[in-house]
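A short reminder: the numbers here are calculations on the coordinates, not readings from a lab. Keep in mind that this is a model prediction, so the values were computed, not measured. Don't worry about glycine lacking a Cβ; one is built from the backbone with ideal geometry, like all the others, and counts go over all protein chains shown.
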Amino acid sequence: SLEKCTGDPARRTGNEYLADMMIRQNVETFKEKKIHKVITACPHCFNSLKNEYKEYGIELEVYHHSEYINRLISDKKISVKALVSDSDEKYTYHDSCYLGRYNKIYDAPREIIGSFTSNYEEMEKNKSKALCCGAGGGRLWMQETEGTMVSHKR
């Protein structure tokens with residue numbers, strides 16, 4: 001496949017050589033294929049493509065999938081089936097650091113949730129004050145002991 005990882009995990013865990021190699025391969029592919037727009041589901045990939053690939057001589061129009069889907073809903077290009085509103089189930093959204101704090105995307109995910117339920121409830125710590133999941137610094141791959149897991153604290 002021509003599509004490679006954005007290099008973000010390598011960069012965040014200190015392997016600049018690998019990150020540089022992956023980014024250069026992607027930039028070469030984007031230029032060869034004349035790719036200027038990218039939609040990604042990963043907040044880390046979004047941040048890398050939007051903000052860091054410029055250092056490698058490419059400006060991309062990058063969308064997080066929540067922005068893209070929200071626009072499709074708003075433009076009535078897709079419709080969303082509402083959930084049963086009398087359900088006691090509550091829905092919430094965790095703001096990731098790279099999508100929220102670093103790129104100020106807070107509304108699109110909430111608007112999508114609001115399109116199918118009125119049972120949305122904000123987390124106590126949300127938007128710019130949301131708790132970090134720990135994955136950005138490589139904690140995703142670390143063995144943690146019971147009681148110290150970031151997800152338990154969150």
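Under 24 Å of direct C-alpha separation, and excluding same-chain neighbours fewer than eight residues apart, K77 reaches these lysines: K37. Taking a ≥ b ≥ c as the square roots of the eigenvalues of the alpha carbon gyration tensor, the range 11-62 is oblate, as a/c is not under 1.5 and a/b does not beat b/c. Sorted fewest first by neighbouring Cβ atoms within 10 angstrom, E122, E111, E59 come out as E59, E122, E111. By the beta carbon rule, with partners counted only under 4.7 Å, the chain holds these lone Cys residues: C5, C97, C132, C133.
Only Lys, Arg, Asp and Glu carry charge here, each on its Cβ (+1 for the first two, -1 for the last two); on that basis the range 8-132 has a dipole of about 320 debye about its Cα centre. Sequence-distant contacts, meaning Cα pairs under 8 Å at least 6 residues apart, place the relative contact order of the chain at 20 percent.
Across the cross-link table entries K31/K81; K31/K127; K54/K76; K50/K76, which are compared at the Cα atoms, the separations over 30 Å belong to K31/K81; K31/K127; K54/K76. One entry in [x] 8.8; [y] 13.7; [z] 11.6 is mean projected area of the Cα convex hull in nm² calculated from the shown coordinates; its label is [z]. Footprinting exposure proxy ranking of K50, K104, fewest other C-beta atoms within 10 angstrom first, gives K104, K50.
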